[in-house]
Amino acid sequence: MAKLKRLLITGAAGALGTQARSHLADLAEEIRLSDMVPVAGVNGNEEFIQADLGDAAAVRNLVDGCDAVAHFGGVSTEKTFELIERGNIRGVYNLYEAARVTGKPRIFFASSNHTIGFYRTDEQLDAFTPPMADGLYGASKVYGEQLALVYWKKFGIETARVRIGSCFPKPRNRRMLSTWLSYRDLFSLVERCFVIPRLGCPVIYGVSRTRSGWWDNSHVRYLGWGPQDTSEIWRAELETSEPQGPVDAPDALYQGGGFTAEPIHQE
Ligand code: NAI
Ligand code: 15L
């Protein structure tokens with residue numbers, strides 16, 4: 001497998017960005033890390049550039065010279081519109097404009113299940129199901145997915161638009177039995193998206209194996225990716241330790257769970 005020349009990892013100080021550093025270390029000759037806050041230490045083939053995604057000139061400087069971007073930077077939960085606008089609206093625009101005017105790198109866009117969070121837990125979705133965001137955060141990820149599509153159609157920039165479920169060391173509650181994505185499965189997907197000769201601009205659901213899942217990835221079989229891990233090994237433990245909530249609780253009703261009940265944050 002030919003190595004990438006230079007991979008940019010945004011959000012490198014965050015939870016998934018930190019994991020990306022160890023899982024993707026061998027994917028590229030050079031790894032460029034970025035975040036608005038410092039990362040802990042810099043290893044052999046890494047460099048770090050501190051930047052705010054809302055700063056167009058800084059983002060252009062980040063993307064310049066990269067043949068791939070793993071875009072984990074931005075606001076990752078429900079926050080004020082101002083923060084979401086800077087990281088996820090303007091930030092994604094700055095990323096795609098930088099990609100267009102530099103070398104048109106391939107992009108892994110960390111989208112979210114909150115693009116479809118208001119679908120009910122008895123519905124099955126695929127990549128062509130219309131979005132139904134569950135808040136400002138989810139709506140900003142819908143915007144990012146659409147912008148990626150614009151830059152694919154107009155300029156041929158390829159993006160994996162990955163609606164990540166819940167990517168943590170293990171599922172934290174009953175809902176996550178349906179949404180959990182292991183680190184191993186996430187990063188094997190990132191790797192496939194960068195090494196496959198032709199990616200296009202697919203929507204992909206980032207979820208490990210589960211028997212209570214909602215999301216169909218059959219249209220991306222061409223990637224040759226399949227999850228290896230399963231949330232099932234925690235099912236008995238979680239179903240015993242966590243009492244079944246009321247039938248009208250957000251986690252029971254909606255795929256986005258508690259995000260559907262979040263207010264519009266003013267501060
Ligand atoms: P995180 O919140 O731990 O990391 C995000 C990083 O982005 C932070 O280090 C933060 O400093 C940086 N950031 C925020 N705004 C910025 C700005 N304006 N300029 C530059 N950097 C900025 O989030 P996590 O869990 O690592 O998620 C990474 C990505 O994956 C996010 O885009 C999130 O929406 C997405 N995702 C994560 C899921 C998960 O289960 N961890 C599930 C679905 C999506
Ligand atoms: C997300 O989009 C968040 O970034 C993450 O922190 C989790 O809350 C996840 O969704 C989830 O739905 O569990």
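Counting pairs of alpha carbon atoms under 8 Å apart in space and at least six apart in sequence, what relative contact order in percent does segment 35-135 give?
Details: 116 pairs, mean separation 26.9, N = 101.
Rounded, it is 27 percent for segment 35-135.
How much FRET efficiency would the formula 1/(1 + (r/R0)^6) give for Gln124 and Asn173, where r is the Cβ-Cβ distance and R0 is 30 Å, rounded to 0.05?
On the way: r = 21 Å, r/R0 = 0.71.
For R0 = 30 Å, the calculated efficiency reads 0.90.
How would you order 127-134, 246-253 from highest to lowest mean count of nearby Cβ atoms within 10 Å?
Result, highest mean first: 127-134, 246-253.
Please list 3J(HN,Hα) in residue order for segment 247-257, calculated via the Karplus relation 6.51 cos²θ - 1.76 cosθ + 1.60 where θ = phi - 60°; whole Hz, with x for glycine and proline.
Once rounded to whole Hz, the list reads 5, 9, 6, x, 5, 7, 7, 10, 4, x, x.
State, to one decimal in nm, how far the label point of Lys5 lies from the label point of Glu85, with both points 7 Å from Cα in the Cβ direction.
Each label point lies 7 Å from its Cα, and together they span 3.7 nm.
Report the relative contact order of the chain, percent, no decimals, based on alpha-carbon pairs under 8 angstrom and at least 6 residues apart.
Numbers: 558 pairs, mean separation 48.1, N = 267.
18 percent.
Could you calculate the contour length gain from Glu232 to Arg198, that is, 0.36 nm times the residue separation minus the distance between their Cα atoms, to one decimal place in nm?
Result: 9.0 nm gained on full extension.
If the chain between Asp55 and Arg184 were fully stretched, how many nm would it gain, using 0.36 nm times the residue separation less the Cα-Cα distance?
Extra length available between Asp55 and Arg184 comes to 43.2 nm.
Using θ = phi - 60° and the Karplus relation 6.51 cos²θ - 1.76 cosθ + 1.60, list the HN-Hα couplings for segment 11-21 in order, rounded to whole Hz, with x at every Gly or Pro.
3J(HN,Hα) across segment 11-21, in whole Hz: x, 5, 8, x, 4, 6, x, 5, 5, 4, 4.
About the Cα centre, and with charges only on the beta carbon of Lys, Arg (+1) and Asp, Glu (-1), how big is the dipole of segment 139-180? Nearest 20 debye, please.
For this selection, approximately 260 debye.
Take each of the peptides 173-184, 195-206, average the number of other beta-carbon atoms within 10 Å over its residues, and list them starting from the highest.
173-184, 195-206
Given axes a ≥ b ≥ c from the Cα gyration tensor, I'd like to know whether segment 126-212 is rounded (a/c under 1.5), prolate (a/b larger than b/c) or oblate.
oblate
Packing-wise, with mean Cβ within 10 Å as the measure, how do 80-89, 47-56, 60-69 rank, highest first?
Numbers: 80-89: 18.4, 47-56: 16.9, 60-69: 20.5.
The packing order, highest mean first, is 60-69, 80-89, 47-56.
Residue by residue, what Karplus-based ³J(HN,Hα) values in Hz, rounded to whole numbers, does segment 86-95 have, using 6.51, -1.76 and 1.60 with θ = phi - 60° and x for Gly and Pro?
5, x, 10, 9, 4, x, 6, 4, 4, 5
Which shape class, rounded, prolate or oblate, goes with segment 4-111 when its Cα gyration tensor gives a ≥ b ≥ c as root eigenvalues, a/c under 1.5 marks rounded, and past that a/b bigger than b/c marks prolate?
oblate
Quick one: which residues, 5+ away or cross-chain, put their amide H under 5 Å from the amide H of Tyr119? H built at 1.01 Å from N.
Gln255, Gly256
If amide H atoms are built 1.01 Å from N in the plane of the peptide, which residues on other chains or at least 5 residues away come under 5 Å of the amide H of Gly206?
Distant-sequence amide H within range of Gly206: Arg163, Ile164, Gly165.
5 Å is the cut-off here: which amide hydrogens, built 1.01 Å from N in the peptide plane, fall below it relative to Ile107, excluding neighbours closer than 5 in sequence?
Long-range HN contacts for Ile107: Val69, Glu158, Thr159, Ala160.
Between Ser212 and Thr102, what length comes free when the chain is fully extended (0.36 nm per residue of separation minus the Cα-Cα distance, one decimal in nm)?
Here the answer is 35.3 nm.
Most fluctuating residue of Ala70, Ala40, Ala25 in a GNM of the chain with Cα springs under 10 Å: which is it?
It is Ala40.
Provide the FRET efficiency to the nearest 0.05 for the His219-Gln266 pair, computing r from the beta carbons and using R0 = 45 Å.
According to the calculation, E is roughly 0.70.
FYI, it's all coordinate maths here, none of it is from the lab. Computed from a predicted model, the values in this text were never measured in an experiment. When we count neighbours, we look across all protein chains shown, and the Cβ atoms used for this are built from the backbone with ideal geometry, even at glycine.
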